[in-house]
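Colleague: Quick one: the structure is below, questions incoming.
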Amino acid sequence: MNNKNITSEEAQEIIRLANILYFKFGSYEKTKWMGLQAAKCPMDMWVYQELMHQMNTDLLIETGTLMGGSALFFAHMFDILGRGKVVTVDIEKQSNLPKHPRIHYINGSSIDPAVLSEIRNFSEQSKSTMVILDSDHKANYKLKELNAYSEFVSPGNYMIAEDSAFDYYPAWPEYGPGPATAVRDFMQQNQQFKVDRQQEKHLITFAPMAFLQKQH
């Protein structure tokens, strides 16, 4: 099909439906890194490694460890870059999490003051910090997380609220208000960040309107 015959509105609808179909198909539940479940969108993961390189990231903070597949992916990217640390938080500690010298696990709620204090110690030693939020996706919780973790992001680097697809397209309308709602409310209150839709360049993403770049 000649894309000159597709209007912008038609293209956006195709992208919306493609994202809903990809999410409903559930491929992310079977996505693995080195044999470990990494419940992420591979197109987002490709963008993440680009940003890690581009922003000279030396600390990546992740909320929502799950089985540790994504944490191991980030650690391996840091191995390639020859620098960096992954700090990953989950309220439920899974057994058999991957062991890697670049990964530091924290067990607890991502917005618990003690957890935030421990993360702050790492961020204070970092020159360039990136944050990926993938824990509780309810809007109220995600807004608290966005507010709490925004301080750790280095100017120029990114904070990504994963699974905004839930209520943006919406890919999961029955879920109710989720990350997209939280991002909208956060951006209304916070002038330090801008939405960077260029990072959605692969068209399929779990974080539409949720790649947030901290301004210098």
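Colleague: How would ASP44, ASP185 line up by accessible area, probe 1.4 Å, largest first?
Modeller: Result, largest first: ASP185, ASP44.
Colleague: Would you calculate, for the chain, the mean residue ellipticity at 222 nm contributed by helices, counting each DSSP H stretch of 4 or more residues as -39,500 (n - 2.57) and dividing by all residues, to the nearest 500?
Modeller: Helices in the chain give a 222 nm mean residue ellipticity of -11500 deg cm²/dmol.
Colleague: Also, quick follow-up: So how tilted is helix 113-123 from the main axis of the chain? Cα-based, degrees 0 to 90, rounded to 10.
Modeller: 90
Colleague: With +1 on each Lys and Arg Cβ and -1 on each Asp and Glu Cβ, how big is the dipole of the chain about its Cα centre, in debye rounded to the nearest 20? Intermediate results must be reported in sequence, preceding the final value.
Modeller: Numbers: 21 positive and 25 negative charges, 85 e Å.
Here the chain has a charge dipole of around 400 debye.
Colleague: Under 1.5 on a/c is rounded, so check that first for segment 106-216, then, if it is not, pick prolate when a/b is larger than b/c and oblate when it is not; a ≥ b ≥ c are the square roots of the alpha carbon gyration tensor eigenvalues.
Modeller: On the way: a/c = 1.92, a/b = 1.31, b/c = 1.47.
Cα axes put segment 106-216 in the oblate bin.
Colleague: For segment 152-165, in order, what is each residue's ³J(HN,Hα) by Karplus, 6.51 cos²θ - 1.76 cosθ + 1.60 with θ = phi - 60°, in whole Hz (x at glycine and Pro)?
Modeller: Taking θ as phi minus 60°, the curve returns 7, 6, 6, x, x, 8, 10, 10, 10, 9, 5, 6, 5, 4 Hz for segment 152-165.
Colleague: May I pose another question? Using the structure shown, select from LYS85/LYS127; LYS138/LYS201; LYS40/LYS138; LYS142/LYS214; LYS127/LYS214 the pairs with a Cα to Cα distance greater than 21 angstrom.
Modeller: LYS138/LYS201
Colleague: With a/c under 1.5 counting as rounded, go ahead and sort segment 1-65 into rounded, prolate or oblate using the C-alpha gyration tensor (a ≥ b ≥ c being the square roots of the eigenvalues; past the cut-off, prolate if a/b is larger than b/c, else oblate). Walk me through the intermediate numbers first.
Modeller: Numbers: a/c = 2.99, a/b = 1.60, b/c = 1.87.
Taking the square roots of the gyration eigenvalues as a ≥ b ≥ c, segment 1-65 is oblate.
Colleague: Any idea how far apart GLN188 and GLU92 come out in nm if each label point goes 7 Å out from Cα toward Cβ?
Modeller: Placing both labels 7 Å beyond Cα along the Cβ direction yields 3.2 nm.
Colleague: Relative contact order, percent, of segment 138-216 when contacts are C-alpha pairs under 8 Å separated by at least 6 residues?
Modeller: 39
Colleague: Suppose all protein chains stay in the model; what accessible area per residue would a 1.4 Å probe give for the chain, in Å²? Mind showing how you got there, number by number?
Modeller: Numbers: 10810 Å² over 216 residues.
Result: 50 Å² of accessible area for each residue.
Colleague: To continue, here is another question. To the nearest Å, what is the center-to-center distance of segment 142-198 and segment 18-46, using C-alpha atoms only?
Modeller: 20
Colleague: In degrees from 0 to 90, rounded to the nearest 10, what is the angle of the helix 139-149 Cα long axis to the longest principal axis of the chain?
Modeller: 50
Colleague: Working from Cα positions, state the angle (0 to 90°, nearest 10) between the long axis of helix 42-54 and the longest principal axis of the chain.
Modeller: Approximately 60 degrees, to the nearest ten.
The values are calculated or read from the model by the stated rules, or taken from the named source; none is laboratory data. Note that this is a predicted model, so its numbers are computed, not measured. Positions of Cβ are backbone-derived with ideal geometry, glycine not excepted, and every protein chain shown enters the neighbour counts. The accessibility values were calculated without ligands, DNA or RNA, using every heavy atom of the protein model including side chains. Shrake-Rupley method; radii C 1.70, N 1.55, O 1.52, S 1.80 Å.
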